[in-house]
Every structure is written in C-alpha cells, then in structure tokens.
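The values are calculated or read from the model by the stated rules, or taken from the named source; none is laboratory data. As the structure is a computational prediction, the values presented were derived from the model and not from experiment. All Cβ positions, glycine included, derive from the backbone under ideal geometry; neighbour counts span all protein chains shown. Ligands, DNA and RNA are stripped out before the accessible areas are found, and what is left, the full protein with its side chains, is counted by its heavy atoms. Shrake-Rupley method; radii C 1.70, N 1.55, O 1.52, S 1.80 Å.
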Amino acid sequence: MDPKTYKFDTLSLHAGYQPDKNGGSRQVPIYQTTSYLFDDVDHAAALFNLERGGHIYSRISNPTVGVLEERVAALEGGTAAIATSSGMAAIFLAIMTLCESGDHIVASSQVYGGTANLLRLTLPKFGINTTFVKPRDTEGFKKAIQKNTKCIFGELLGNPGNELMNMPEVADIAHNAGLPLMIDSTYQTPYLCKPFDFGADIVVHSLTKWMAGHGSSMAGIIVEGGKFNWMQNDKFPSLTKEYEGYHGLSFAEEFGPVAFTMKARAEGMRDFGPCLSPQNAWNVMQGIETLSVRMEKHCSNAEKMVEYLLAHESVAWVSHPSAPDHPDYELAKKILPKGRGSMIAFGIKGGKEAGTAFINNVKLASHLANVGDTRTLVIHPASATHSQMDEATLKFAGLSQDMIRLSVGIEDIDDIKNDFEDGFRAAKKPMLVANK
Amino acid sequence: MKFNVNNEEVFASTGGRPFDKNKPLIIFIHGSGLTHMCWVLQTRYFAFHGYSVLALDLPGHGLSGGKSLTSVEEMADWINDVIDAVGFNQTSLVGHSQGCLVALECASRYPNKIKTLSLMGGAGAIPMNPELLALAENSDPKAVDLMMDFAHGPSGHFGGHPVPGLYHLNTGSMLVQSKEIKDTLGVDFRACENYTNGFEAAKKLDLPTLSILADKDRMCRLKDGKKLADHIKGSDVHVIKNCGHMMLLEEADQTLAILKRFILDKYPIT
Ligand SMILES: Cc1ncc(COP(=O)(O)O)c(C=O)c1O
C-alpha cells in the first residue's frame, strides 16, 4: 500500500489550484484586484480576526499569489509559504519576522552580494548584527553563536565561489543551540534539493531566477518547514508570547507548523508591504510548470561546460561540484543527487584584463547581473556584483580578480561552446600583446 | 490555556479570546494523531461570538502533557474530567473522526452534562486497515503519508487551503509528526480499532445532534457516517460535496456555517 499523493512534476503543474472553484478555468486566473468584497459585517470581522480564511486586501494576500505560494510550499515539502516582490524582500521579511533590535545572526560569508550588504551594512541600522563564517567552516558556525543569536543563515552553494555548506551538520549545530536554520535555496530550486530534508527550517528563494526561468519577472518567497518548535526556549517571544498587534494572539500556540508564515503575513506583509503582483505571480507559475525539464537541461549543459572548460588551455581553474577535483564533490553527490546546478565559476588565464576581453567578446552569452535565466549569462564579479568590496573582503567572500561567473542556459551546447571560443580567442590577444 | 486534569498539564486553545466562565462552553475534540490546531477555522469564530471555547490537545498530544489514553472510553471519561476541571457543569461537544467516537461515548455516559453533539467525519466504528495500523505503531512516517492521502478529498490533494499560503497535506503531516508517531497516532488508531460500543452509545442519546459528512471521505465513508446518524434520534445530517475527511479545513467555511446554524439554534447564548 503506497500513498497516492501527487509527485513533484505533477505538483509543479497543479498544486494549490482547484479549477472547480474558479469557474472551470484551466489556467490559474489573474486576480488583478486590490480588494475583496465582504459578505457582511460579520464576515469582514471574521477575516480581520483570522477566524476565517480568505482575502481582504492584496498587500496581505491575493488568490493568484496564493496559488503560487501553495505550489512552492508543495514542491519544497513545506507547510506554508509567503510570496514577496523580490528575493531580497523575502530575505528581509524572513529576518524581520525572526529578529528584533539587539539580535544577532550567524551567516555564511558566501552569500549573494545584496544579502551580504543587507546583513553587513543595512540591518545594523536596525540593531541586528551578523557574524560571517566561511561556508566550509562548519565548526565556525557553532563558535559564532551568541546568546542573542536568532538564526543561522546560508546559501547551500555559496555565491559565487560554489563552496558547499554542510547543511546537515550546520542544521544540527543550529538545532542544538535552539535556533532555526534558514537557507537561501535560489540556486538549487526544490528540483535539485529540498533543504527541509536536510534539516533546514525556513527556505527563501529569489523566484526571479531558475524557478521562473524566463527572466521576465521579479519575485521571492519564504517557505516554512513546520518542524521547528518555537516554544522550546524563550528566544522568539514575538512568535510565542501574546502579540499586541493581533488581540494577544500567540502565533506558535494557535498555528504551530505554520506560525512563522502567519506572523510574516499578519505583521510583515501588513506593515512593510513587500507584496508580489498577481501578474508576476502568474508569470512565475508559467516557469514553474516546466521546472523539472528545464533543470535537467540546465544541469546536463552545465556538466558539459565543466568538461569543456577543464580541458581548455585558456582556463586556469574551474569550480563546479560536478568536477571530481571540487572539494565538495562527495557532499554534493549526497545533497544534490539530481544535479549540481548550473552555476560555474572559472578563472581565465591572464587575469582581470583577459576576463574583461572575454566578457566583451562573447555574443550569445548575455553579460548581465542575473543568474538562472534559460539563456546563458556571464559576469565578472570583481568589477560588477561585488565591486563595492575591497581586496580583503573580496577574498573573504571567495572571489578573485580572474573569476568569471557563468550561469549555463538551456541553449544548444555547441552554440554555447562556439561562443566561448570567440571569447577565449579575444582574451588571448591582450595576453600576446602583454607578453611581447 | 494550560490547566491541570488528573495532575497532568493540559493545553487547550481558547480561540484567541480569554477563557470566560460566564459564557456557554464548547469543547472541540481532535482526531487521531492530531492536535487543537485542526480546529482553528471553527474555534476562533465561536470565541469571538459569545462562547467559551476549548480546543483540546488530548493527553500526550500537541502541547498537553502525560501519555496518550489508550481507549475511547478512557478519553470519554477524561473529557468529563476536563469539564469538571474548568468548573463547568455543562457543555457542547464537537468531534472530528476519532473525536466523534469520544464525543459519542462521553454524551452517552454523561447525558446531564452534554447539551449538544456535533460530529464531523464520524462513524459508529472506525476499524483500521491492518497495514496502516502496523505502520503507525512502528512510527513509520509512511503511516502519516497514507493518512494524509486518505484524509483529503480529490480537491484537497491539489491544495486550495482556505488560509492563503497554507498547504494542507504538509501541514497535516507536520501536525501528526510533532510527537513520536507510535505514541500518538499509533495509540489512537489502536483505540479506534478496539472501540465497539459506538452504535449502542448512539441509541442511548437524547440530545440535539449534528452530523457533518463529506461525499469523498475515504477515512470514514459517507455510508458509515449515515449509518451512525440513523442510530441517533432526530440527528441533523449535512453532506458537503466534493470534500474529503478533513472538511473542517478543506471546506472550512461550509463546515463553520453548518455548525454555526446548529449551535446558535440548539445551544444559544443565554
Ligand atoms: C542567491 C540569491 N539570493 C537572493 C537574490 C535576490 O533576489 P532578487 O533579485 O529577486 O531580489 C539573488 C539575486 O539577485 C540571489 O542570487
């Protein structure tokens, strides 16, 4: 006897949506509205008191956005989700739902530049400080925990150096200290890894990337695992004690495995307002429909590019967990069995100058500040995404002057390689000039 | 709210309002392996509309202390102890699934205290599939997956939770797994399997009784729910369409509307 609940590929097309409750519309309708009629005064009060489920105002929730939320929760194996206007909005909302002024975060040092900035410079303005730890320094996470620490935050495959965090071990460290582990799983998507299976408690995504895939829409999401017991200690009073903003509600008591999401919506969505537009939610869902097939192609193209780059005379080094010499090769096999993602970092011989020439001479690969598009993307982080960092900070974040970050698309692999050949040829020229 | 019953700490949600001894009491009894949280879309309404509400965590479940009770009869007596412990001499009972068996048995044992009975997804007996019972008694998480499968109707399997952003199957699964499976679900399933007094208890009842059933219920089938209702004098039966066993969440608004009409009529605020 086996459960006949729907599996991943089916959920990516169907989860969260009931056509019979939407006039039989096969596609999810776009509810392009700000607000919703109340049946009567009693209904209005019931919605505001969380007596009944439903929508009030699209800053708080929207039926189209709601389908996306359920769909991603289903795909991640989470209890609930809350979608936001961007990935950064999701990270900010998640942290503000957990932390108060005076609190502390332990974070991986290899995180997306915007996240690094938020943690390093912006959150201290709200009295929330962060200690950074290198992603492979598992013990370092333990040592960095303070009395006022409220969570451990990391990206699984650190951006952009591809250093893999040992999620199961870091999760144990967090749980032994009574803390939740928050993972930005943008690079993996639930197709490659479901962080809840490895001990994560909260997952955030920039849906702008692989989840949507098409590079047309900004979106983010927070997903709740539902396992973390907020009442095990007194670190999270805003979740466990009576909350003044909601008739003395204790989110943890009343909502248990969905407490975090309920609070993020009732407080953060209401007060900060980082809501996702229904049109963008719908756009993202068009992408999620093909998540599995796209991710398969992303990963197989990435592995072919790794082979190609490893054999290339113009390449100094290649970092991707599918390369046998990658320090996290074994761990990646365990955590990312279906594929190691499509982000490759490589060093070009000839350093910064060669890197610039390469970027300027590829034509198919797009030079831009995004990752996870269906199209192949390239960037030189030291001069773009991480340009605010000085040499030492750059090094601590795992970056170097010769590094090119490649987000492998799903084009024909031969076309990508041919394009790179043009780039490498151009990159050699300044080297020849310099060597004369 | 936490209070003591038989020297064990008991947790009950009061529906977001302070517990008030001067308002009529409604006690909500959850099903196998679950907790007070399954009732959130019914309890808060009554708490905000003049009733005192206790959505209990049975002993050993959710936030309550102690060990799980091993028979429906013990659970029925325990409900009576709860009523005494909070200083009431009468109450309405609302049960779901196994909670229906408990409420039924309790109403037949303590006719003077129980004023109305509301049964959701109930039956006169809930014999267990032996494989499912064995999995639950061995703490195999597959028991929870099977339960989530059986407990949700075709629509519920897709999602469509009334509260935006919540996903039925995983929320239910986490609720059941908040404690060791064999100590909650395993013990509860065995108690259901062993309980045989349902129809006898039903025949003894003489109080307003409501049955809310669902046409796609695969845990307690519609025909079994109707059979139980046939044994209860003057029972008021409602069938929710295209809905599974978890009608209190899958079709929370419809369930609440039916329950509201019944309670306000048969157990009004005086
Ligand atoms: C890993 C990661 N997290 C978060 C973000 C921020 O997401 P967004 O651009 O949607 O705000 C990005 C990219 O920008 C990212 O790569």
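Here is the figure for the stretch A:1-56: residues that are farther than 30 Å from B:L135 by Cβ, part of a loop (DSSP other than H, G, I, E, B) and of a type in the set (D, E) total 3.
Search the stretch A:1-15 for residues being among the charged types (D, E, K, R) and either surrounded by fewer than 11 Cβ atoms within 10 Å (Cβ to Cβ) or touching a Ser or Thr at 6+ places or on another chain (Cβ under 8 Å) (or both), and hand back the single one that is farthest from the other protein chains (Cβ to nearest Cβ).
So in the stretch A:1-15, the residues among the charged types (D, E, K, R) come out as A:2, A:4, A:7, A:9.
Filter once more, keeping what is either surrounded by fewer than 11 Cβ atoms within 10 Å (Cβ to Cβ) or touching a Ser or Thr at 6+ places or on another chain (Cβ under 8 Å) (or both): A:2, A:7, A:9.
Values: A:D2: 8, A:K7: 12, A:D9: 14 Å.
Step by step, filter the stretch A:1-15, then rank; the result is A:D9.
Here are some residues: B:H157, B:H152. Which one is buried (at least 21 other Cβ atoms within 10 Å of the Cβ) and closer than 30 Å to B:S235 by Cα? Criteria check complete, one pass: B:H152.
Conditions tested, residue by residue: (1) more than 21 Å from B:C220 (Cα to Cα); (2) within 9 Å of chain A (Cβ to nearest Cβ); (3) assigned to a loop (DSSP other than H, G, I, E, B); (4) without any contact (Cβ under 8 Å) to a residue 24 or more places away in the chain.
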{"site": "B:M148", "(1), (2), (3), (4)": "no, yes, no, no"}
{"site": "B:V163", "(1), (2), (3), (4)": "yes, yes, yes, no"}
{"site": "B:L169", "(1), (2), (3), (4)": "no, yes, no, yes"}
{"site": "B:M174", "(1), (2), (3), (4)": "yes, yes, no, yes"}
{"site": "B:S178", "(1), (2), (3), (4)": "yes, yes, yes, no"}
{"site": "B:R190", "(1), (2), (3), (4)": "no, no, no, no"}
{"site": "B:T196", "(1), (2), (3), (4)": "no, no, yes, no"}
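Residue selection: B:D84 fails the criterion of being open to solvent by 30 Å² or more (accessible area, probe 1.4 Å) and within 22 Å of B:A123 (Cα to Cα). Looking only at residues of the stretch A:196-214 that are assigned to a loop (DSSP other than H, G, I, E, B) and within 11 Å of the ligand (Cβ to nearest atom), we find that the one that is surrounded by the most Cβ atoms within 10 Å (Cβ to Cβ) is A:L207. Out of B:N4, B:N22, I need the residue that is open to solvent by 10 Å² or more (accessible area, probe 1.4 Å), part of a loop (DSSP other than H, G, I, E, B), away from chain A (no Cβ under 14 Å) and over 30 Å from B:T196 (Cβ atoms). Which one? None of the others qualify; the one that does is B:N22. Just checking, which of B:L207, B:L264, B:L249, B:L228 is among the hydrophobic types (A, V, I, L, M, F, W, C) and either touching an Asp or Glu at 6+ places or on another chain (Cβ under 6 Å) or in a loop (DSSP other than H, G, I, E, B) (or both)? Criteria check complete, one pass: B:L207. Could you check B:A136 against (1) outside any helix (DSSP H, G or I); (2) touching a helix residue (DSSP H, G or I) at 6+ places or on another chain (Cβ under 8 Å) and say which number it fails? Of (1) outside any helix (DSSP H, G or I); (2) touching a helix residue (DSSP H, G or I) at 6+ places or on another chain (Cβ under 8 Å), only one is false for B:A136: (1). Any residue in the stretch A:400-410 that is polar (S, T, N, Q), buried (at least 17 other Cβ atoms within 10 Å of the Cβ) and under 21 Å from A:M295 (Cβ atoms)? Yes, the stretch A:400-410 contains at least one residue that is polar (S, T, N, Q), buried (at least 17 other Cβ atoms within 10 Å of the Cβ) and under 21 Å from A:M295 (Cβ atoms).
Going through B:H157, B:H152 one at a time, which residue ends up being within 11 Å of chain A (Cβ to nearest Cβ) and under 17 Å from the mean Cα position of the chain (by Cα)? Criteria check complete, one pass: B:H152. Of all the listed residues (A:K235, A:K227), the sole one being farther than 22 Å from A:V72 by Cβ and either aromatic (F, W, Y) or more than 16 Å from the ligand (Cβ to nearest atom) (or both) is A:K235.
Checking each residue in the stretch A:238-261 for being at the interface with chain B (Cβ under 8 Å from one of its Cβ atoms), of a type in the set (A, V, I, L, M) and assigned to a helix (DSSP H, G or I) picks out only A:V258.
Taken over the stretch A:52-72, the residue count meeting the criterion of being touching a helix residue (DSSP H, G or I) at 6+ places or on another chain (Cβ under 7 Å) and under 16 Å from A:M182 (Cβ atoms) is 0. With respect to being at positive phi and away from the ligand (no atom under 16 Å from the Cβ), A:G140 falls outside the description. Could you tell me whether A:T122 is away from every other protein chain (no Cβ under 14 Å), open to solvent by 30 Å² or more (accessible area, probe 1.4 Å) and modelled with pLDDT of 95 or more? The answer is yes for A:T122.
If you take the residues in the stretch A:76-87 that are under 19 Å from A:L181 (Cβ atoms) and in contact with a helix residue (DSSP H, G or I) (Cβ under 7 Å, 6 or more places away or on another chain), which one is surrounded by the fewest Cβ atoms within 10 Å (Cβ to Cβ)? Give the steps one after another, and end with the answer.
Taking the stretch A:76-87 first, the residues under 19 Å from A:L181 (Cβ atoms) are A:76-82, A:87.
Going one step further and asking which of them are in contact with a helix residue (DSSP H, G or I) (Cβ under 7 Å, 6 or more places away or on another chain), we end up with A:76-82.
Details: A:E76: 26, A:G77: 22, A:G78: 35, A:T79: 31, A:A80: 31, A:A81: 31, A:I82: 33.
Looking at residues that are under 19 Å from A:L181 (Cβ atoms) and in contact with a helix residue (DSSP H, G or I) (Cβ under 7 Å, 6 or more places away or on another chain), I get A:G77.
Of the residues making up the stretch B:25-37, those that are in contact with an Asp or Glu (Cβ under 8 Å, 6 or more places away or on another chain) and either without any contact (Cβ under 8 Å) to a residue 12 or more places away in the chain or within 14 Å of chain A (Cβ to nearest Cβ) (or both) are B:H30, B:G33, B:T35, B:H36, B:M37. Among the residues of this structure, A:S383 does not count as one that is hydroxyl-bearing (S, T, Y), in contact with a Cys (Cβ under 7 Å, 6 or more places away or on another chain) and touching a residue at least 24 places away in the same chain (Cβ under 8 Å).
Quick test for you: out of A:I173, A:I183, A:I145, pick the one residue that is touching a residue at least 24 places away in the same chain (Cβ under 8 Å), more than 13 Å from the ligand (Cβ to nearest atom) and under 23 Å from A:P124 (Cβ atoms). Steps first, answer last, please.
Working: A:I173 fails: under 23 Å from A:P124 (Cβ atoms); A:I183 fails: more than 13 Å from the ligand (Cβ to nearest atom).
Within the list A:I173, A:I183, A:I145, the selection yields A:I145.
Among residues of the stretch A:37-58 that are among the polar types (S, T, N, Q) and modelled with pLDDT of 95 or more, those with a beta-carbon under 6 Å from a residue that is in a loop (DSSP other than H, G, I, E, B) and surrounded by fewer than 17 Cβ atoms within 10 Å (Cβ to Cβ) at least six positions away or on a different chain give the pairs A:S58/A:T34.
Which of the following residues is closer than 30 Å to B:V5 by Cα, of a type outside the set (V, I, T) and open to solvent by 10 Å² or more (accessible area, probe 1.4 Å): B:K142, B:K113? Residue meeting the stated conditions: B:K113.
Being touching a residue at least 40 places away in the same chain (Cβ under 8 Å), buried (at least 21 other Cβ atoms within 10 Å of the Cβ) and closer than 15 Å to B:D84 by Cα is a condition met by no residue of the stretch B:38-49. Tell me yes or no: at least one residue of the stretch A:88-107 is away from chain B (no Cβ under 14 Å), within 15 Å of the ligand (Cβ to nearest atom), crowded, with 19+ Cβ neighbours inside 10 Å and in a loop (DSSP other than H, G, I, E, B). No. For the stretch A:16-71, filtered to residues that are under 22 Å from B:R17 (Cα atoms) and small (G, A, S), the residue that is nearest to the other protein chains (Cβ to nearest Cβ) is A:G53. Among the residues of the stretch A:308-353, those that are within 17 Å of A:A382 (Cβ to Cβ) and open to solvent by 30 Å² or more (accessible area, probe 1.4 Å) comprise A:A316, A:W317, A:K349, A:G350, A:K352, A:E353.
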